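Note sheet for the following structure.
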Amino acid sequence: MSAQNTSLRGWLTADVTTSPWQARIQRTYFGWRRLSSNPSTMFGLAVLLFTGLVQTVAEPVRQFVTPMFWAKMLMIILVATLTALYATAVRRNAALWDAASSRPWPAKIFAVLSTLLWLAIIVCGRFIGYTWSFYA
């Protein structure tokens with residue numbers, strides 16, 4: 001890190017990285033910047049966050065005592081992280097992905113994994129209401 005550019009933002013956006021760790025964090029940072037620049041994605045996330053907070057505030061015991069709630073939260077974090085990493089990988093190798101005659105195998109794996117995670121998130125969300133009485 002140079003003496004002129006000591007801020008965190010400067011470190012994240014530096015043209016020359018000083019370590020592989022910094023490069024990895026930069027890719028994640030720029031992936032998040034691209035994700036957050038999509039208004040419909042951010043609107044959807046805001047709606048989900050708002051409705052989830054209202055539901056949690058209305059019945060906190062129902063949410064926090066069931067393992068389904070914690071599994072759902074873990075899977076949401078996992079799918080968001082996987083999506084950011086996948087988007088970063090695609091953007092980094094855009095020419096390779098565009099030149100492929102068919103979908104590359106990482107795309108197929110990501111599609112299946114992402115779909116299964118979202119289905120599991122939905123199932124966990126539904127099961128919160130049905131299983132919380134076992135733990136309360």
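What do you reckon, is V65 within 22 Å of I121 (Cβ to Cβ), more than 21 Å from the chain's Cα centre (by Cα) and of a type in the set (V, I, T)? Can you show your working first?
On the way: within 22 Å of I121 (Cβ to Cβ): yes; more than 21 Å from the chain's Cα centre (by Cα): yes; of a type in the set (V, I, T): yes.
Here the answer is yes, as V65 does meet what is asked.
Hey, does the range 107-122 have a residue that's more than 23 Å from L35 (Cβ to Cβ), in a helix (DSSP H, G or I) and not acidic (D, E)? Break it down stepwise before answering.
Our first condition is that a residue be more than 23 Å from L35 (Cβ to Cβ); within the range 107-122, this holds for none.
Checked the range 107-122: no residue is more than 23 Å from L35 (Cβ to Cβ), in a helix (DSSP H, G or I) and not acidic (D, E).
Suppose we keep only residues that are among the polar types (S, T, N, Q) and surrounded by fewer than 10 Cβ atoms within 10 Å (Cβ to Cβ) within the range 29-78. Which one would you say is modelled with the lowest pLDDT? Outline the logic, then answer.
At the first step, the residues of the range 29-78 found to be among the polar types (S, T, N, Q) are 36-38, 40-41, 51, 55-56, 63, 66.
Now drop any that are not surrounded by fewer than 10 Cβ atoms within 10 Å (Cβ to Cβ), which leaves 37, 40.
Numbers: S37: 75, S40: 86.
Per the stated criteria, the residue is S37.
May I ask you to say which residue of V47, V57 is over 30 Å from I109 (Cα atoms), without any contact (Cβ under 8 Å) to a residue 24 or more places away in the chain, in a helix (DSSP H, G or I) and aliphatic (A, V, I, L, M)?
Working: V47 fails: over 30 Å from I109 (Cα atoms).
It is V57.
Are any residues in the range 79-106 under 23 Å from S36 (Cα atoms) and among the polar types (S, T, N, Q), and if so, which ones?
Once the filter is applied, which keeps residues that are under 23 Å from S36 (Cα atoms) and among the polar types (S, T, N, Q), the range 79-106 yields T81, T83, T88, N93.
In the range 79-98, what residues are surrounded by fewer than 16 Cβ atoms within 10 Å (Cβ to Cβ), assigned to a helix (DSSP H, G or I) and not hydrophobic (A, V, I, L, M, F, W, C)?
Passing the criteria: T81, R91, R92, D98.
Just the residues that are modelled with pLDDT of 90 or more and among the aliphatic types (A, V, I, L, M), please, taken from the range 85-136.
I109, A111, V112, L113, L116, L117, L119, A120, I121, I122, V123
Can you tell me which condition S102 does not meet? The list is (1) among the small types (G, A, S); (2) assigned to a loop (DSSP other than H, G, I, E, B); (3) touching a helix residue (DSSP H, G or I) at 6+ places or on another chain (Cβ under 6 Å), and all the others hold.
Checking S102 against (1) among the small types (G, A, S); (2) assigned to a loop (DSSP other than H, G, I, E, B); (3) touching a helix residue (DSSP H, G or I) at 6+ places or on another chain (Cβ under 6 Å), the one that fails is (3).
The values are calculated or read from the model by the stated rules, or taken from the named source; none is laboratory data. Keep in mind that this is a model prediction, so the values were computed, not measured. Heads up, the Cβs are rebuilt from the backbone with ideal geometry, glycines too, and the neighbour counts pull from every protein chain shown.
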